[in-house]
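The values are calculated or read from the model by the stated rules, or taken from the named source; none is laboratory data. Every value quoted in this text rests on a predicted model; they were computed, and no experiment measured them. Reconstructed Cβ throughout: ideal geometry from the backbone, glycine too, with neighbour counts over all protein chains shown. Keep in mind that these areas ignore ligands, DNA and RNA; they rest on the heavy atoms of the full protein, side chains included. Shrake-Rupley method; radii C 1.70, N 1.55, O 1.52, S 1.80 Å.
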Amino acid sequence: MTNVFRDFLAGVEQAVAACGLPTARFAVELPRDPAHGDWTTNAAMVLAKAASKPPRAIAEQLLPELKKLPDVAKAEIAGPGFINVTMTAAFWQRQIIAIGQEGVAFGDSALGGNISTNIEYVSANPTGPMHIGHLRNACFGDALANVMAKAGYKLTREFYTNDAGNQMDILARSVHLRYRELFGESITIPEGMYPAEYVIDCAEALKARDGEKWLNKPESDWLTPLRLFSGDFFLEEIKHDLSLIGVKMDVYTSERELRASGAVEKCLAFLQERGLVYRGILEPPKGKVLEDWEPKEQTLFRSTQFGDDVDRPLVKADGGYTYFAPDIAYHLDKYKRSGGVMVTVVGDGHAGWVKRIKAAVAAVSEGKAQFSVKMYALVKILENGQPVRMSKRAGNFITLRDAVEKVGRDVLRFIMLTRAPEQILEFDFAKVVEQSKDNPVFYVQYAHARCQSVLRQGAAVNLSPAVNHLELLTDPDELAHIKKMAEWPRLVEQAAQAQEPHRVAYYLQDLAASFHSLWNKGSDNTSLRFVREDAPELTQARLALVQANATVIASGLKVLGVEPVMEMR
């Protein structure tokens, strides 16, 4: 697994050891100004205190050892003690060979050490089909799982089904109304029900299965069976919708089944044994005047013991559990199953939930879980620049199926990762299908398609990629592009460690820009064209560069769940 950053870092560590200096954690980075070389390291700055020497003195001690490293062309001290290093052109030219040998596996890493990692994402209520508002969660979560898997983590993708709340009773009653309507009854849909037409699909499936079985029956007879039926029906719809964008979960966990198993009671007993559940009275909410608020004794979880703002109720006045109680039980269950790292992807509307669930996970794992919550801002859906207002319950929303049919899976997946998750993302149907350099999906796909076009041009004159004459790749922009390709393994590790898969989309746009620039230079200067019949050896070397570029783009697109195109239509 080639990673030039790790290799050079190991070289710096070797130089430090050769100088008899103490070990420490220091960095190897890209200089802000390419004129300062290929690498810069702060090793001398970091070691100064432990070695009781000025940074420049340590840098002068390290310099001769760094110059002994293979392929180092130049090493020099900058500023108070930074060391800038320039590698030979041959070193960078050989990276094309490594990319060719590893293929789309280029960038794979052992960083994660095969640590079991559970990523929960989407987790939409099974009360209807998926709509475009679910897309950012699905695409972000899936790309995060992909980049962490590429970085060497052992991934489990999980969907938690909230199929036990009051919304499931409302859905069952809505389905029963539509079911009666299918038998000719005139119905009125009360406010608060699900009036959308997608409920009719569920009612038709119920009629096909059970016929007239639930007509003229009291609610006590049909509520539970219809709640189960409608929940299962829409969960299958959700699975189908996810498949349309290439998302496949490893585990679907049902809140209803979790409750039925007694997991909530066992979890509360677990907390009770550890003194984390008590009967108490909460203070009134700060900064709010509530006329109907009155102090009352409740069953509370000591979440403040784990960093939360207040302790949290577990049992409602009617004796039923609060929403939080099964949430704790679910995370205890998930922790026992995962045993490693847990990540949950939610919209920023859940910000108030984060502290309490982190407190819960700390409690049930007894501080052992590595748990993080990745939040994202909502997506503003536009049509020709005008906002589209949606409501799932009312049924006026754009389904995921419609969105896939309208713009395609690859566009949807890529666009959802073109902004950092905390930034609002505007999705305009008219703009995302434009074939222009302003459209990031087109821009990256066009770079891959251009690579294929160049390779076909080479084949037309009986020239194919070859690495026998890579030393002919001496143009500064060619070498700069090879360096950009060689960044990919490091980018994978950084995106996995930071849990920020959008970095992959950013990198691909930068890589595409670099390649398009090379193409344009060849258009302006014939000596720089990729295919030159008068220079077959140079052409073969450039074709190898082009093929490597296509490989790295394909590797990055695979992480995003996007298929690279062979030609643009």
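Observations
- Taken across region 168-191, residues that are closer than 25 Å to Ser230 by Cβ, open to solvent by 40 Å² or more (accessible area, probe 1.4 Å) and among the hydroxyl-bearing types (Ser, Thr, Tyr) do occur, with at least one present.
- Of the residues making up region 551-563, just one is surrounded by fewer than 23 Cβ atoms within 10 Å (Cβ to Cβ) and among the aliphatic types (A, V, I, L, M), namely Ala554.
- Which numbered condition Lys207 fails, given (1) open to solvent by less than 30 Å² (accessible area, probe 1.4 Å); (2) charged (D, E, K, R); (3) assigned to a helix (DSSP H, G or I): (1)
- Residue pairs whose Cβ atoms lie under 9 Å apart, sitting 6 or more positions apart in sequence or on different chains, and linking a residue in region 36-57 that is over 30 Å from Asn3 (Cα atoms) and open to solvent by less than 30 Å² (accessible area, probe 1.4 Å) to a partner that is in a loop (DSSP other than H, G, I, E, B) and of a type in the set (Gly, Ala, Ser), do not occur here.
- Hey, Ser243 exposed (fewer than 13 other Cβ atoms within 10 Å of the Cβ) and among the polar types (S, T, N, Q) or not: yes
- Residues of region 409-445 satisfying the condition of being assigned to a loop (DSSP other than H, G, I, E, B) and surrounded by fewer than 17 Cβ atoms within 10 Å (Cβ to Cβ): Ala420, Glu422, Gln423, Ile424, Val433, Glu434, Gln435, Ser436, Lys437, Asp438
- Gln509 being on the phi > 0 side of the Ramachandran plot and open to solvent by 10 Å² or more (accessible area, probe 1.4 Å): no
- Of the residues making up region 104-135, those that are open to solvent by less than 30 Å² (accessible area, probe 1.4 Å), within 21 Å of Val492 (Cα to Cα) and not hydroxyl-bearing (Ser, Thr, Tyr) are Phe106, Gly107, Gly112, Asn118, Ile119, Glu120.
- Selection count, region 12-41, where residues are assigned to a helix (DSSP H, G or I) and in contact with a strand residue (DSSP E or B) (Cβ under 8 Å, 6 or more places away or on another chain): 2
- Checking Val147 against (1) of a type in the set (A, V, I, L, M, F, W, C); (2) buried (at least 23 other Cβ atoms within 10 Å of the Cβ); (3) over 17 Å from the mean Cα position of the chain (by Cα), the condition it does not meet: (3)
- Positions within region 371-394 being open to solvent by 50 Å² or more (accessible area, probe 1.4 Å) and either among the aromatic types (Phe, Trp, Tyr) or modelled with pLDDT of 95 or more (or both), in sequence order: Met375
- Count - residues of region 490-501 that are surrounded by fewer than 24 Cβ atoms within 10 Å (Cβ to Cβ), in a helix (DSSP H, G or I) and touching a residue at least 60 places away in the same chain (Cβ under 8 Å): 4
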